[in-house]
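No lab work stands behind these numbers, since they all come straight from the coordinates. On a predicted model such as this, the values are computed, not experimentally measured, just so you know. Here the Cβ positions follow ideal geometry from the backbone for every residue, glycine too, while neighbour counts run over all protein chains shown.
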Amino acid sequence: MSNRSPISIALTAESPTETQELTKSISREERFFLVLAVFIGVFAGLGVVCFRLFIEWNRIGFLGSLPQAGDWRLLVAPTAIGILVALLVMYAFPQVRGSGVNQTKAALYIYNGYIPFRTAMGKFITAALAIGSGQSLGPEDPSLQIGASLASALGRRFHLSRERLRLLAPVGAAAGLAAAFNAPISAVLFVIEEVIGRWSAGILGSVVLSAISSVVVVRWFLGSEPLFRIPAVGLVRPSELIAYAVLGIVGGLAATFFAKAIGYFRPRLRSWPQWTQYIQIPLAGFLIGMIGFLGAPQVMGAGYEYMDQAMHDQFPWKMLAFLAILKIVATALSFVCGTPGGMFAPTLFVGAMLGGAIGGIERIFYPNLTGSTATYALVGMGVLFAGFLRAPMTSVFMVLEVSGNYSIIVPVIVANTFAYVISRNLQPTPIFDLLTRQDGLDLPSMEEQREERILRVEDAMQTPAAPILDSEETVKRANNRIQGSDGDLFLVRLHPSGWTSLNRDLLKRLIGEGKSEDTLASALPTERLPYLHPDLPLEMALRYIYQSPLVPVISRADFRKLEGVISREAVLGKYRVAEIDSESDGRFELS
Amino acid sequence: MSFPDAAELRNRPGVIFAALTLVAVLGFAGVTRLTKRYHDQQKAVARRLYARGLDDQKEGQFDNAISDFRAALSYDRDNFYYELSLARALRDNGRMNEAEAYLVNLWERTPQDGFVNLALGRLAARQSKIDKAIQYYHNAIYGVWPSNAENNRRTAEFELIAFLLRQGAQSQAEAELIAVAATLPPDDVILQTHVAQLLAQVGMHDRALALFKKVLQEDRSSKPALDGAANSAFELGHYRSAEGYLRRSLALDPHNEQNRDLLETITLVLEMDPYDRRLSTVGRIRRLRAAFDVASKRLSVCLADKQGVPDTPWTALQANWMQMKGKLSHLTDADAETFDAAMDLINQIEQHAQLDCGPPARTDRALLLLSATRFGAER
């Protein structure tokens with residue numbers, strides 16, 4: 001067999017044998033890629049299990065088995081370990097700062113899927129040290145990057161094509177995130193929404209396979225228990241949706257504040273002199289430790305156990321509100337200093353506490369509200385996810401996946417919509433895009449894709465000025481019909497379907513050849529025109545307008561019915577107008 | 001490890017996947033060792049925290065105990081006993097909603113478990129939720145107990161009955177008691193006595209008496225059984241039996257004032273009973289007249305109190321009394337109808353007097369008891 005890649009074969013395939021060879025080769029590589037996705041999931045799962053164990057050992061070792069306010073270790077551990085993490089980040093692993101989602105996205109779009117294995121190692125060590133010592137960050141985003149990095153390393157080992165290597169990063173990312181969160185559907189959606197940034201069915205199968213296999217591995221080792229033990233949740237009266245809408249509004253405002261705080265302080269701290277990098281992470285650790293030491297050790301680390309407790313009514317609403325505010329402060333402190341660690345867990349923490357607090361306040365004024373604290377906390381998680389991370393699809397499915405209760409879907413959708421819309425208006429750039437731009441990159445965003453204006457064929461379509469001829473007409477009659485019109489090119493409807501065109505000169509020539517009484521069908525060449533439908537993206541028209549100056553736009557219901565015509569001038573004119581509009585309105589992209 | 005290049009990869013995917021599988025197996029082996037160590041450590045931490053929680057609980061430091069149990073559970077999330085202890089501590093600390101959340105979680109995992117159902121039953125009982133309490137207590141009674149099942153089931157049964165009695169759910173308590181009485185072990189006189197006492201408490205004196213008798217067959221000198229039997233016999237109007245049980249009980253405990261008082265009442269009832277089959281006709285008539293005299297005194301006292309109050313039942317009673325007095329002066333043994341009518345009038349006088357003229361004297365009470373027994377027997 002040839003050593004050429006399928007793409008090179010495709011470019012040169014000339015004979016049927018070569019075409020068959022090409023098809024076989026592509027099919028084989030696709031199968032290989034799918035099976036490789038399973039292995040990526042397995043390895044990412046193993047890596048994430050080790051990562052979680054390492055964090056937990058660090059946590060018990062640094063902070064003790066039951067961290068309590070007043071324990072001096074809460075002050076010392078994050079500060080001392082912070083110094084070590086700062087040194088590691090500065091000298092050994094400079095690429096591991098922050099969450100890892102952006103780096104993975106950059107790898108996909110800029111570095112052809114290349115993520116150094118050293119990054120995975122660095123992220124593993126530094127994030128585990130930071131989170132274990134009490135920095136207010138989570139393990140999910142680092143897991144995502146570790147998974148992507150493992151996948152990238154594997155792809156490079158097998159010398160996969162650049163195209164495949166690029167696709168491996170999201171496959172590994174989904175596996176890592178699914179393993180960390182024990183929620184495969186949310187992981188797949190998050191990777192699509194935040195890493196790939198586009199709905200692409202091309203790698204969906206691989207992403208799903210890797211996510212599921214990594215979750216299987218994690219459950220094999222750590223059990224199949226969900227992250228939280230959710231008490232019975234649900235919606236009893238539809239009127240209570242108003243209460244959840246209020247939660248959505250407050251959550252949207254909180255998410256905006258959270259995002260703005262990070263967006264404001266991060267570039268400023270990065271612009272400080274180089275020597276301050278040594279003290280930023282330990283100082284953040286010290287301040288967070290102080291919060292814990294003075295009475296709120298719950299804000300230290302990922303805090304999943306405290307979310308669980310909040311759902312079981314352990315904290316009064318004032319405490320929940322207090323913890324939500326402190327967690328925003330603590331997470332902002334950790335993150336803006338460049339401490340390696342994720343935003344996933346803190347977002348959920350803030351959401352759970354805020355949700356529980358809002359539910360508690362609402363019950364004071366309306367004691368008949370039936371929603372439990374767990375219900376509000378769960379909805380709150382989704383709200384912050386939608387408002388802060390701006391991943392609306394993921395936010396809904398994440399809540400459903402961790403609760404295992406689909407009766408909560410309506411409150412979640414209502415609250416998330418409010419949070420998303422408020423956050424979208426007050427903070428136009430999503431947090432991950434903001435971080436990316438602060439790093440000097442511009443990567444595709446699903447939010448932009450969702451909101452971009454898509455030009456369609458109908459936007460550039462025009463009513464044909466010239467008469468439409470029929471292939472059953474005689475040449476003479478056709479010639480008579482076009483006499484009054486100005487155009488040179490005329491569309492001819494073929495029987496039983498299809499379209500072709502002719503010009504004035506051709507008609508004259510046919511009459512000159514004595515074919516006046518022949519039908520157009522018998523006199524014209526058999527070449528058919530390509531056609532379009534009104535709803536197709538306008539870029540489809542670009543493929544055809546250079547083949548034919550006039551392309552028929554026909555109805556999907558009746559292929560003989562002409563809706564309009566597309567011309568080269570009309571298409572280009574439409575793009576020119578759209579470009580001017582986008583300069584005045586904002587961003588414009590092709591779909 | 002050396003990997004083939006892209007060409008070989010496409011040609012020999014089987015080899016590649018075998019190699020990947022080998023690496024995965026090695027990875028699984030390594031991570032298995034790590035996770036085992038991790039789980040062992042977590043369980044050890046959990047045990048330590050649980051033990052500390054138990055100590056806190058013993059010392060009455062419930063908040064600390066809850067905190068420790070909760071932490072223990074976070075390190076060993078599947079541990080049934082940690083979760084149950086946490087739920088119980090929360091319940092005992094009045095944090096019902098939290099306790100319920102944990103208990104329901106446990107119940108969903110092991111719906112047949114006796115401990116969990118009993119704890120949920122107690123929680124429902126504390127929340128005065130009768131239906132839920134009955135449901136969970138029943139689950140506990142018929143559920144699975146890892147050890148000491150019989151005792152635990154009995155505990156659940158008696159707790160349920162006590163709860164129902166507290167709630168005034170008399171008929172449900174009776175139903176539970178009948179079910180319990182039917183399954184009592186034949187040789188456990190203490191349990192039988194307890195059930196008999198509960199039966200007596202809900203007014204099922206016939207069943208109670210039968211059970212007390214059963215106990216006394218096993219243990220003739222059981223004082224609780226003698227007292228219970230005497231009381232039930234008394235309530236049923238079996239004064240002769242009651243007298244016998246009371247005498248036996250007083251022989252064991254001569255200073256029991258309550259029993260002595262009851263015995264005196266019973267003796268008086270028996271002495272005043274004109275229906276005593278052992279009496280001759282003359283004796284019966286004499287007792288009837290004595291009873292009539294007692295009622296007459298009661299009537300005269302009441303009439304003196306109610307003088308000047310128009311349209312009272314006493315006017316009619318006085319008229320009947322006058323009429324009956326004349327009849328009784330020449331009552332013969334053949335006139336059973338007058339005998340019964342006289343007893344009816346005595347009963348009416350005593351009943352009205354009890355309502356209108358204060359508590360009855362011992363003799364009046366004896367007449368009331370005789371009437372109750374007579375009407376009970378007729379019913």
**Asked** Identify, please: which residue in region A:486-503 is over 20 Å from A:Glu472 (Cβ atoms) and out of contact with any strand residue (DSSP E or B) (no Cβ under 7 Å at 6 or more places or on another chain) and is, among those, surrounded by the fewest Cβ atoms within 10 Å (Cβ to Cβ)?
**Response** A:Asp486
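Taking region A:239-288 on its own, how many of its residues are of a type outside the set (A, V, I, L, M, F, W, C) and not in a helix (DSSP H, G or I)?
Here the count works out to 2.
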**Prompt:** How do the pairs read when you match residues in region B:95-118 that are within 14 Å of B:His138 (Cβ to Cβ) and more than 10 Å from chain A (Cβ to nearest Cβ) with residues anywhere that are small (Gly, Ala, Ser) and surrounded by fewer than 24 Cβ atoms within 10 Å (Cβ to Cβ), using Cβ under 7 Å and keeping only pairs 6 or more apart or on different chains?
**Reply:** B:Gln112/B:Gly143; B:Asp113/B:Gly143; B:Gly114/B:Gly143; B:Asn117/B:Gly143
**Candidates A:Leu502, A:Leu507, A:Leu443, A:Leu435, filtered to the one that is in contact (Cβ under 8 Å) with a residue 60 or more places away in the chain and not in a loop (DSSP other than H, G, I, E, B)** = A:Leu435
**Prompt:** Right, A:Val236: surrounded by fewer than 22 Cβ atoms within 10 Å (Cβ to Cβ) and not in a helix (DSSP H, G or I) or not?
**Reply:** yes
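Here is a list: B:Asn256, B:Asn231. Which entry is closer than 15 Å to B:Ala200 by Cβ and either free of Cβ contacts under 8 Å to residues at least 60 places away in the same chain or within 27 Å of the chain's Cα centre (by Cα) (or both)?
Working: B:Asn256 fails: closer than 15 Å to B:Ala200 by Cβ.
Checking each option against the conditions leaves just B:Asn231.
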**Request:** Quickly run through region A:140-168 and pick out the residues that are within 14 Å of A:Phe117 (Cβ to Cβ) and among the small types (Gly, Ala, Ser).
**Result:** A:Gly147, A:Ala148, A:Ser149, A:Ala151, A:Ser152, A:Ala153, A:Gly155
**Request:** Report, by residue number, each residue of region B:213-261 that is surrounded by fewer than 16 Cβ atoms within 10 Å (Cβ to Cβ), of a type in the set (Asp, Glu) and part of a helix (DSSP H, G or I).
**Result:** B:Glu218, B:Glu257, B:Asp261
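Just for helices (runs of 4 or more DSSP H) wholly inside region B:59-126: which have at least 2 residues that are within 19 Å of A:Glu305 (Cβ to Cβ)? Spell out the reasoning first.
Numbers: elements: B:62-75, B:80-92, B:96-109, B:114-126.
Because the criterion is at least 2 residues that are within 19 Å of A:Glu305 (Cβ to Cβ), the helices (runs of 4 or more DSSP H) in region B:59-126 that meet it are B:62-75, B:80-92, B:96-109.
On the given criteria, is B:Asp340 part of a loop (DSSP other than H, G, I, E, B), within 17 Å of B:Leu368 (Cα to Cα) and among the acidic types (Asp, Glu)? Quick ask: steps written out before the conclusion?
Working: part of a loop (DSSP other than H, G, I, E, B): no; within 17 Å of B:Leu368 (Cα to Cα): yes; among the acidic types (Asp, Glu): yes.
It is false that B:Asp340 is part of a loop (DSSP other than H, G, I, E, B), within 17 Å of B:Leu368 (Cα to Cα) and among the acidic types (Asp, Glu).
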**Request:** Being surrounded by fewer than 18 Cβ atoms within 10 Å (Cβ to Cβ), of a type in the set (Val, Ile, Thr) and under 26 Å from B:Leu120 (Cα atoms) is the filter here, so list the residues in region B:153-206 that pass it.
**Result:** B:Thr155, B:Ile178, B:Thr183
**Message:** What are the pairs with Cβ atoms under 7 angstrom where one residue, in region A:29-54, is more than 9 Å from chain B (Cβ to nearest Cβ) and the other, located anywhere, is among the charged types (D, E, K, R) and part of a helix (DSSP H, G or I)? Sequence gap at least six, or different chains.
**Reply:** A:Phe33/A:Arg164
**Request:** Give region B:129-140 a look and list any residue that's touching a residue at least 24 places away in the same chain (Cβ under 8 Å), of a type outside the set (Phe, Trp, Tyr) and within 25 Å of B:Met204 (Cα to Cα), or say none.
**Result:** B:Ile130, B:Ala133, B:Ile134
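Out of all the residues in region A:350-399, which are assigned to a helix (DSSP H, G or I), more than 14 Å from chain B (Cβ to nearest Cβ) and not hydrophobic (A, V, I, L, M, F, W, C)?
Filtering region A:350-399 for residues assigned to a helix (DSSP H, G or I) gives A:350-365, A:373-389, A:392-399.
This time we only want the ones that are more than 14 Å from chain B (Cβ to nearest Cβ), so: A:350-355, A:357-358, A:361-362, A:364-365, A:379-389, A:392-399.
Within region A:350-399, A:Gly351, A:Gly355, A:Glu362, A:Gly380, A:Gly382, A:Gly387, A:Pro392, A:Thr394, A:Ser395 qualify.
Which residue is surrounded by the fewest Cβ atoms within 10 Å (Cβ to Cβ), if the candidates are limited to region A:271-312 and must be within 14 Å of another protein chain (Cβ to nearest Cβ) and aromatic (Phe, Trp, Tyr)? Write out each step before concluding.
Filtering region A:271-312 for residues within 14 Å of another protein chain (Cβ to nearest Cβ) gives A:297-298, A:301-312.
After this cut, where a residue has to be aromatic (Phe, Trp, Tyr) as well, the list is A:304, A:306.
On the way: A:Tyr304: 17, A:Tyr306: 23.
By that ranking, first place goes to A:Tyr304.
Which residue, of A:Ala151, A:Ala169, is within 14 Å of chain B (Cβ to nearest Cβ) and within 20 Å of A:Ile212 (Cα to Cα)? Spell out the reasoning first.
Details: A:Ala169 fails: within 14 Å of chain B (Cβ to nearest Cβ).
Answer to the check: A:Ala151.
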